[in-house]
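**Q** Below is the structure I would like to discuss, written out as structure tokens.
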Amino acid sequence: MNRLLFLLAPALLGISFLDSFKSAPRAKPIVLAYVGGFRGLVDTERIEAEKLTHINYAFVDIKANRAWLHNLATDSTNFRKLNALKRRNPDLKILISIGGWAWSENFSDAVLSDTSRAAFAASAVDIVRQYDLDGIDIDWEYPGMKGEDNVFRPEDNQNFTLMFKALREGLNTLGTQTRKPYLVTTALPGFEGIFTHTNMAEVHPYLDFINVMSYDFYTGGPTAGHHTNLYPSGKVANESSGDRAVQRYRQAGVPAEKLVLGIAFYGRAWQLQSADPEAHPRTIRKVERGGGYTYIKDSLLTNPAYQRHWDRRAKAPYLFRAENQIFFSYDDEQSVRAKCRYVKRNGLAGVMFWEYFSDPKGYLLHEIDRQF
């Protein structure tokens, strides 16, 4: 018996140590900002770090089945400057986000075999180690489905799960060396097809939380509508919404406390064929240029040519410019307030938003902070 306890002791100590990585009850909900480093140097002085719990650095690329810093000089500088924000907010977590819409083309190849998955996970973990970061976020658009120009295959379903297993194991190993807990998260859409090509009941045990991209419900299709509404409007069949996305993840086996609801810090715009913005379907003539919320609030909401409307059922605002039939969908303080209350009422982990500098004056972040 004594010999058995001696042999088991290292394993028991390992379990005890890894158990210490489990998060204590959160004092406040997650407030996670995606910060775009793909443009170059980030002006971190303009980031209100005290109002955030997490920053996901977007994006890290994939090359030769490895996580790869596409712009090494600016990425490394950005990591140093983002870490410096912890002087103002010691609890702030900085994660790398791998992929994104433009850099997801190589995920399927990178995780196709045991060997490639191990190499990919090791390279991602090494970036975290080298720059003293707090975890890894995966933004694969999309496993098993077409995104921009990504490779995809049926094997993505199981390999998606195995990728997170490899990342979790790699970060746990790093944690035993640094005595520090690390996060594994992912950003995923809310549309139904993603659940055909993933097994979320198998995936979520490896994840700390899931960032639900409850926006971009309308992009370049033949019709326009709310692109980041909390609830269906009741006027469109099978309409996407934040609540519907959350319910799909819950039905797929993900606990509510692992779901982070998405907020759009930008709007999308279309020119409609109809002069009546309430005529359905909202068939479009063409896609128009959108913009961030600071621009919307300071330039459009102050312009009498644009009339603001509020869809009470969808909990979503929109603007309409009658003279050229421009329909503009976005999140504002009122819809953000509704989303934050939804998070608290339904026991979700918190909120995330894309992208920090789309609202440089911090109108929406101030509202999130006020609600939480």
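**Q** Would you point out the residue of region 356-372, among those that are part of a helix (DSSP H, G or I) and acidic (Asp, Glu), that is surrounded by the most Cβ atoms within 10 Å (Cβ to Cβ)?
**A** Glu367
**Q** Say we look at region 187-221 and pick out the residues that are part of a loop (DSSP other than H, G, I, E, B) and touching an Asp or Glu at 6+ places or on another chain (Cβ under 9 Å); which of these is surrounded by the fewest Cβ atoms within 10 Å (Cβ to Cβ)?
**A** The selected residue is His197.
**Q** Further question: Whether any residue in region 61-74 is closer than 25 Å to Phe191 by Cβ and of a type in the set (Lys, Arg) is what I want to check.
**A** No - not one qualifying residue is present in region 61-74.
**Q** Still on this structure, I have one more. Are any residues in region 344-355 surrounded by 24 or more Cβ atoms within 10 Å (Cβ to Cβ) and part of a helix (DSSP H, G or I), and if so, which ones?
**A** none
**Q** Across region 231-262, which residue is nearest to Tyr318 (Cα to Cα) among those that are touching a Phe, Trp or Tyr at 6+ places or on another chain (Cβ under 6 Å) and either part of a strand (DSSP E or B) or of a type in the set (A, V, I, L, M) (or both)?
**A** Checked region 231-262; the qualifying residue nearest to Tyr318 (Cα to Cα) is Gly262.
**Q** If you don't mind, another one. Considering each of Leu207, Leu171 in turn, give the residue that is in contact with a strand residue (DSSP E or B) (Cβ under 6 Å, 6 or more places away or on another chain), among the hydrophobic types (A, V, I, L, M, F, W, C) and without any contact (Cβ under 8 Å) to a residue 60 or more places away in the chain.
**A** That would be Leu207, the only listed residue that is in contact with a strand residue (DSSP E or B) (Cβ under 6 Å, 6 or more places away or on another chain), among the hydrophobic types (A, V, I, L, M, F, W, C) and without any contact (Cβ under 8 Å) to a residue 60 or more places away in the chain.
**Q** Shifting gears a bit: If Lys180 satisfies every condition in (1) of a type outside the set (Phe, Trp, Tyr); (2) buried (at least 19 other Cβ atoms within 10 Å of the Cβ); (3) part of a loop (DSSP other than H, G, I, E, B) but one, which is the exception?
**A** (2)
**Q** Does region 171-178 contain at least one residue that is aliphatic (A, V, I, L, M), out of contact with any His (no Cβ under 7 Å at 6 or more places or on another chain), at pLDDT 95 or above and closer than 30 Å to Tyr266 by Cβ?
**A** No, region 171-178 has no match at all.
**Q** Considering each of Glu155, Glu148, Glu169, Glu192 in turn, give the residue that is over 18 Å from Val260 (Cα atoms), within 18 Å of the chain's Cα centre (by Cα) and among the acidic types (Asp, Glu).
**A** Result of the check over Glu155, Glu148, Glu169, Glu192: Glu148.
**Q** Is it the case, given these coordinates, that Tyr295 is closer than 23 Å to Leu365 by Cβ, aromatic (Phe, Trp, Tyr) and without any contact (Cβ under 8 Å) to a residue 12 or more places away in the chain?
**A** For Tyr295, the condition - closer than 23 Å to Leu365 by Cβ, aromatic (Phe, Trp, Tyr) and without any contact (Cβ under 8 Å) to a residue 12 or more places away in the chain - is met.
**Q** Within region 84-125, count every residue that is under 29 Å from Pro29 (Cα atoms) and part of a helix (DSSP H, G or I).
**A** 7
**Q** Can you pull out the residues in region 230-263 that are of a type outside the set (D, E, K, R), touching a residue at least 12 places away in the same chain (Cβ under 8 Å) and more than 16 Å from Cys340 (Cα to Cα)?
**A** Of everything in region 230-263, those that are of a type outside the set (D, E, K, R), touching a residue at least 12 places away in the same chain (Cβ under 8 Å) and more than 16 Å from Cys340 (Cα to Cα) turn out to be Pro232, Ser233, Gly234, Val236, Ser240, Tyr249, Ala252, Gly253, Val254, Pro255.
**Q** Does Asp276 satisfy the criteria of being acidic (Asp, Glu) and either modelled with pLDDT under 95 or buried (at least 20 other Cβ atoms within 10 Å of the Cβ) (or both)?
**A** no
The values are calculated or read from the model by the stated rules, or taken from the named source; none is laboratory data. It should be emphasised that the depicted structure is a prediction, and the values quoted were computed from it without experimental measurement. With ideal geometry, Cβ positions are generated from the backbone for all residues, glycine too; neighbour counts draw on all protein chains shown.
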